[in-house]
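Colleague: Below you'll find the structure I mean.
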Amino acid sequence: MKDYELEDYIADLKIELDDAEMETPRNEYIRTHRHDEDKPVSNSPTCWGTLQDEEFTPAFTSVPKVPAGIYEVVWNRQLNQHTLKKQPFKTDELYQLPSYEIMDILKDIQNFWDRRDKYKEYNFVHKRGILMYGEPGCGKSGIIQLIAKQLIENDGIIINIKDQDDVDYFMDFISTFRKIEPNRPLIVLLEDIDSIAGENSHSTSRLLNILDGVKQIEDVVYIATTNYPEKLQDRITNRPSRFDRRYKVELPNEEIREAYIRHKLTDEDVENVDIKEWVKRTEGMSLSHLKEVVISTIVMGREFEEVMDNLEGLKKAPSIKGSGKVGFGR
């Protein structure tokens with residue numbers, strides 16, 4: 001091969017290698033996560049972190065505290081450590097219904113934050129535990145959204161624990177979090193706690209260590225929910241130092257059903273709907289059922305009677321044998 005041909009070949013090969021490098025996953029991440037060409041790339045070190053004995057390590061852009069919001073503890077393989085990953089805050093049901101449970105829970109939590117000095121004065125760990133139980137669809141998730149909104153407005157953060165892996169991540173990470181932000185108001189969500197700490201769950205002892213064992217922390221409210229309280233062990237449900245208050249979230253009464261329906265409907269809808277009839281016909285139904293009434297009738301444009309027949313049909317367990325008709329109510 002002639003010298004000039006060899007030079008051209010090397011030049012072409014270099015271009016191909018450069019192009020290939022631009023298509024690596026890391027560079028794909030950089031391109032898709034770059035908000036502004038003039039700003040530093042988020043996954044590249046931008047400053048120095050200090051270690052012991054005058055040792056320094058490349059570090060990322062730092063912030064004094066994480067923004068208020070809802071987070072999950074995740075394992076970041078690239079960094080080989082736990083991190084906080086922000087989660088979307090759903091607000092489709094964010095409305096304070098005239099419910100005793102809602103008002104009492106919100107009042108109790110706010111009173112807890114306001115009395116931090118009192119806890120310290122009497123040498124108590126500043127923590128609180130609340131357990132909500134009730135049938136599915138009765139509004140437990142909606143109450144949690146209101147609690148989260150209240151805390152976010154007070155510059156706090158919420159950490160969501162969904163399963164046994166999350167329990168392990170939380171236990172490994174929370175001491176680091178408290179070293180960085182020792183007094184940050186924190187809520188730990190344990191939705192469907194029966195799936196995390198049921199009778200035969202091996203993670204129950206780990207969870208108990210979080211609640212009042214060696215891993216307990218201060219300035220925290222633990223909020224747990226379950227549709228099946230009978231699956232929980234007595235050492236969880238009957239131990240004030242773990243869950244100090246228990247609330248049974250009931251099916252919405254007449255006042256709550258009317259308030260929910262009026263909140264979801266527009267002024268024009270209210271003029272064309274028999275609210276009293278809706279409230280009467282939805283007795284014994286959950287907020288999830290009420291939501292479906294509004295969606296099917298107002299949004300989807302179906303007849304109210306058809307919607308109610310369909311919801312009544314949901315009470316029957318589905319079966320392969322039948323008329324072959326389509327629909328949940330069939």
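The values are calculated or read from the model by the stated rules, or taken from the named source; none is laboratory data. Because the structure is a prediction, the values reported are computed rather than measured. Cβ atoms come from the backbone with ideal geometry, glycine included; neighbour counts cover every protein chain shown. Note: areas computed on protein heavy atoms with side chains; ligands, DNA, RNA excluded. Shrake-Rupley method; radii C 1.70, N 1.55, O 1.52, S 1.80 Å.
Colleague: Sort 301-312, 45-56 by packing, meaning the average of other beta carbons within 10 Å per residue, with the highest value first.
Modeller: By packing density, highest mean first, the sequence is 301-312, 45-56.
Colleague: Continuing with the same structure: Lysine pairs, Cα distance under 28 Å, 8 or more residues apart or cross-chain: how many in region 164-290?
Modeller: 8
Colleague: So, in nm, how far is label Ser44 from label Ser205 when the simple model puts each one 7 Å beyond its Cα toward the Cβ?
Modeller: Roughly 4.9 nm, to one decimal.
Colleague: Please report how far the C-alpha centroid of region 269-317 lies from that of region 159-188, rounded to the nearest whole angstrom.
Modeller: 41 Å
Colleague: Would you calculate the separation in nanometres between label points at Asn183 and Asp274, each defined as 7 Å from the Cα along the Cα-to-beta-carbon direction?
Modeller: 6.0 nm
Colleague: Can you tell me how much longer the chain between Tyr228 and Leu84 gets when fully stretched, taken as 0.36 nm per residue apart minus their C-alpha distance, in nm with one decimal?
Modeller: Length gained between Tyr228 and Leu84: 48.9 nm.
Colleague: Still on this structure, I have one more. How compact is region 213-272 by the rule of thumb for globular proteins, expressed as Cα Rg over 2.2 N^0.38 Å?
Modeller: Compactness ratio reported: 1.82.
Colleague: Beta carbons within 10 angstrom, averaged per residue: use that to sort the peptides 272-282, 80-90, 215-225, 167-177, highest first.
Modeller: 215-225, 167-177, 272-282, 80-90
Colleague: Taking only protein heavy atoms and a 1.4 Å probe, what accessible area per residue, in Å², does region 48-144 have with all protein chains in place?
Modeller: 67 Å²
Colleague: Suppose each label sits 7 Å from its Cα in the direction of the beta carbon; what would the Glu305-Tyr100 distance come out to in nanometres?
Modeller: Taking the two extended label points, one gets 3.8 nm.
Colleague: Packing-wise, with mean Cβ within 10 Å as the measure, how do 130-143, 232-245 rank, highest first?
Modeller: With the highest mean Cβ count within 10 Å placed first, the list reads 130-143, 232-245.
Colleague: I would also like to ask the following. On the first, second and third principal axes, largest extent first, how far apart are the outermost C-alpha atoms of region 162-316 in Å?
Modeller: Between the extreme Cα coordinates on each principal axis of region 162-316 lie 59, 35, 26 Å.
Colleague: Still on this structure, please answer the following. Percent of Cα-Cα pairs more than 26 Å apart in region 37-193, please.
Modeller: That fraction is 39 percent.
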